[in-house]
Amino acid sequence: MSLGTALRCRECGREYAIAPIYTCEWCFGPLETTYDYDAIRGSLTRESIAAGPASIWRYGPLLPVEAPKGNALNAGWTPLIRAERLAAELGLGELWLKDDTRNPTNSFKDRVVAVALGKALEFGFKTAACASTGNLANAVAAAAARTGLDSFVFVPSDLEAGKILTTAVYGGNVVAIDGNYDDVNRLCAELAAEYPWAFVNVNVRPFYAEGSKTLAYETAEQLGWETPDHVVVPIASGSLLTKIHKGFQELHKVGLLDEEPVVRVSGAQATGCSPVAKAFIDGVDDVHPVRPDTIAKSLAIGNPADGYYALDVIRSTGGACGSVSDDEIVEGIRLLARTEGVFGETAAGVTIATLKRLAEDGVVRRDERVVAYITGHGLKTLDAIEPHVRVTTTIPPSLDAFRAAFPAVAEEV
Amino acid sequence: MATVRIPTQLRSLVDGASELTVDGDTVGDVLKALDAAHPGFGERLFDENGKLRRFVNVFVDDEDLRFLQGLDTPLTERSVVSIVPAVAGGCERV
């Protein structure tokens, strides 16, 4: 049973009944779901969770929607991998990777979309829609197909070909917009006012965003109901980072963690789109919008909706926000693949390259238990690494040719 | 002088108008004039320090005020000022 009770403005605190609305009528602030935590405390235990499904729905009472029947909206319960080789390379101690490439459409967006479309079905919507930099497009198109909803997905026209293809294959409408993500987002806000659709990141955003909390729940459960000391999270809108923080706090509120968790939260951005990192480094509260220019298109949001809150979380937890160049992003992707056999997309490159920087700067420390969030699969952004990786050599099909090409490699006898 | 597009949240303060023509040389002037003509309008847009609330975005001819000169951004008679909620960055066209 869902114990989401109302929507509350994060800015002025005004409350609203549960509905497909997303901004405060009074001050335009974003709305967030409230819960009856006392009731959840009574209904959710470590044992009941362990007996639940291997998906985000094992934490059903902490999500703002009834768990849907059947498997159509499954996502989550992805592996938490101990990354010893990467840790050694970075001079870190206990490092873990939350491998969210292992979702139905290979990114963490399957989590938020499962919650958003579950809520859309509850509200009686017949069409799902979104503004997307690609991963969300994949997730919405696929989940709409599985649940029998129509879909309209709006993407910037310069998106990677792979992300368009992996959206269009599900048969919904894919509309490319001549403009960047912020332009697409603005158009979608207009469309949301005109069409009776569930725009997952507009009018059902307060519910959608809650899906990201499951990354924190799973991390804690997979660590044996303990929390990390430090997490590194990529920032696009900033929502993922703030919800991971909220997720850890909630586990204590509902009694699943005995002690209040102390988790430092650090953010990762591409230098070509780093409004939060810039505000952090400059020591200011204003997150000034930028025009994105980076290969990390899934993070290319120049006007991050939750930027202020992400900045608050980073500062209040003693984390940091770093940014890395496009070259470092490619190097980050390769480092992760080379050391751990995990192929992440450009956002993962941003996360790993930022983790490397923060480790070098002593912000992420060797004595900390660290979790880095790998939010999307590398097959989604092949364009980014295509110029940088190739076959080692091409030879005729003969033993001699191989020996000539690799004289230093000893033959096993 | 400029045309101001009013978001749905504020239309009850301006007799339901979705668009108004307002006198003023800068964005700040125009928004002040709106508050003078329609009491209560200003407190919805500005915090107690007189700064635009952080989830209120203002666009002049589809350009975010923060890429221009903020409230000092000059206007022409053909300028269109849009007030929009920041969460989705929505720009309402009427």
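The values are calculated or read from the model by the stated rules, or taken from the named source; none is laboratory data. Everything numeric here is computed off the predicted structure, so don't read it as measured data. Cβ atoms come from the backbone with ideal geometry, glycine included; neighbour counts cover every protein chain shown.
Figures for the structure shown
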item: Pairs with Cβ under 7 Å, 6+ apart, first in the stretch A:387-412 and aromatic (Phe, Trp, Tyr), second assigned to a loop (DSSP other than H, G, I, E, B) and surrounded by 11 or more Cβ atoms within 10 Å (Cβ to Cβ); result: A:PHE402/A:ILE395
item: Some residue of the stretch B:41-54 being of a type outside the set (Val, Ile, Thr) and either touching a residue at least 60 places away in the same chain (Cβ under 8 Å) or more than 25 Å from A:ASP285 (Cα to Cα) (or both); result: yes
item: Test: residue in the stretch A:2-14 that is assigned to a strand (DSSP E or B), within 14 Å of chain B (Cβ to nearest Cβ) and hydrophobic (A, V, I, L, M, F, W, C); result: yes
item: Test result for B:ARG54, modelled with pLDDT of 90 or more, within 7 Å of chain A (Cβ to nearest Cβ) and buried (at least 16 other Cβ atoms within 10 Å of the Cβ); result: no
item: Checking B:GLY40 against (1) surrounded by fewer than 13 Cβ atoms within 10 Å (Cβ to Cβ); (2) within 14 Å of chain A (Cβ to nearest Cβ); (3) more than 19 Å from A:GLU25 (Cα to Cα); (4) not basic (Lys, Arg), the condition it does not meet; result: (3)
item: Pair list, Cβ < 6 Å and 6+ apart or interchain, from the stretch A:183-199 residues that are of a type outside the set (A, V, I, L, M) to residues that are in a helix (DSSP H, G or I); result: A:PHE199/A:CYS188; A:PHE199/A:ALA192
item: Only one of B:ARG5, B:ARG66, B:ARG44 that is in contact with a Phe, Trp or Tyr (Cβ under 8 Å, 6 or more places away or on another chain) and among the charged types (D, E, K, R); result: B:ARG44
item: Residue list for the stretch A:166-186, restricted to those being of a type outside the set (D, E, K, R) and at the interface with chain B (Cβ under 8 Å from one of its Cβ atoms); result: A:ASN185
item: Failed item in (1) touching a Leu at 6+ places or on another chain (Cβ under 7 Å); (2) surrounded by 21 or more Cβ atoms within 10 Å (Cβ to Cβ); (3) assigned to a helix (DSSP H, G or I), with A:ALA137 passing the rest; result: (1)
item: Test set (1) touching a strand residue (DSSP E or B) at 6+ places or on another chain (Cβ under 9 Å); (2) surrounded by 20 or more Cβ atoms within 10 Å (Cβ to Cβ) - A:THR147 fails condition number; result: (2)
item: Residue in the stretch A:353-362 that is outside any loop (DSSP other than H, G, I, E, B), closer than 29 Å to A:GLY179 by Cα and away from every other protein chain (no Cβ under 14 Å) present; result: yes
